[in-house]
């Protein structure tokens, strides 16, 4: 008897309940004007509400019509947003770009030649190395890490390239290959410390930063490398820089832009395609978002983090090649500020427009059911270029503008 009663009760609950003599639209109006409890559950599709509204096509249509009616009612009640609030949100969100416009205006008034094509190309050439390093740091941030050895790798690459040509007398191709291999090896060492040895990424890369800063001074006893260098052994190094190597930092393509600018653009495009359009890039961001979940999903987190740090160090070495080719000597003080500049560019790209994720280029996705998936990725090139203010420093003659403008840009970044 109890089983029979249970079957009858279940059948009664499962039977669609329809409102007789009423279309779905009229029923929606009735439910919308009913009690608050019914108004709350009319837009719900849980099991209990399906039993009330019915599981048939009419019941589903009833729920959809009710949702539309409630949405329209809530919109009418909310009214137009406050203009002052909307203006404040706009200013806070786009403060970086507004500040950049102010800086450009100030520099242009102080020196009209600031907006000239030659100065613009000079600014791009000056920030090309910073942008290349910033792309590498951004990739390391994608896996949830941070490469603090980028500046030291670039400085050591300058010394390595100069030593290879002046002392070992290698040609341009051999020197570039040697320096890039050196950067890749440093990336492997960073990955070993972080992935295998379990050293925190900030501590490991900072230690490598100090290590390289000291080791690069040993071969020349702290002296800069140029033709005629006297080595600690007393031998004179009479090698010269290969003209093809110097062309990397000094040649202009199409009589318009220096070659480092095109290298910067090419590296940025390749990095964007890698991180945003390939499976490897999605896995890099997955590791940075939740390493445990990525590993349980089958991703090789150790290999992905190793790849990220190797790419970061290799790009830093490429930036060192550009610096050595532009300067034409191995200066021991080269690269002193590259780390802070590249980190600043990466963090600005992380924060601008509430990106909240490492990125190479601005990319906007539609916000749907998961707002945290909406990305506003910003190019590191634009903020880095104006942060440096190299053109303004050269023409105005004030060294305080580059650092001051960088700090102002960082302060104007939106809160996370």
Least to most buried among 107, 90 (fewest other Cβ within 10 Å first): 90, 107
Which of 348, 267, 218 has the fewest Cβ neighbours within 10 Å, and the rest in rising order: 218, 267, 348
Cβ-based exposure ranking for 213, 85, 275, 306, in which fewest neighbours within 10 Å come first: 85, 213, 306, 275
Square roots of 5 times each gyration tensor eigenvalue, C-alpha, the stretch 184-277, largest first, Å: 30, 29, 9
Prolate/oblate/rounded call for the stretch 110-149, Cα gyration tensor, a/c under 1.5 rounded: prolate
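Please find the FRET efficiency linking residue 90 to residue 203, where r is the Cβ-Cβ separation and R0 is fixed at 35 Å, and quote it to the nearest 0.05. Mind showing how you got there, number by number?
On the way: r = 40 Å, r/R0 = 1.15.
Calculated value: 0.30.
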Cα principal axis extents for the stretch 166-237, largest first, Å: 44, 27, 15
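Computed from the coordinates by the stated procedures, all read-outs in this text should not be read as laboratory data. Only a predicted model underlies this, so the values are computations on that prediction, with no experimental measurement involved. When we count neighbours, we look across all protein chains shown, and the Cβ atoms used for this are built from the backbone with ideal geometry, even at glycine.
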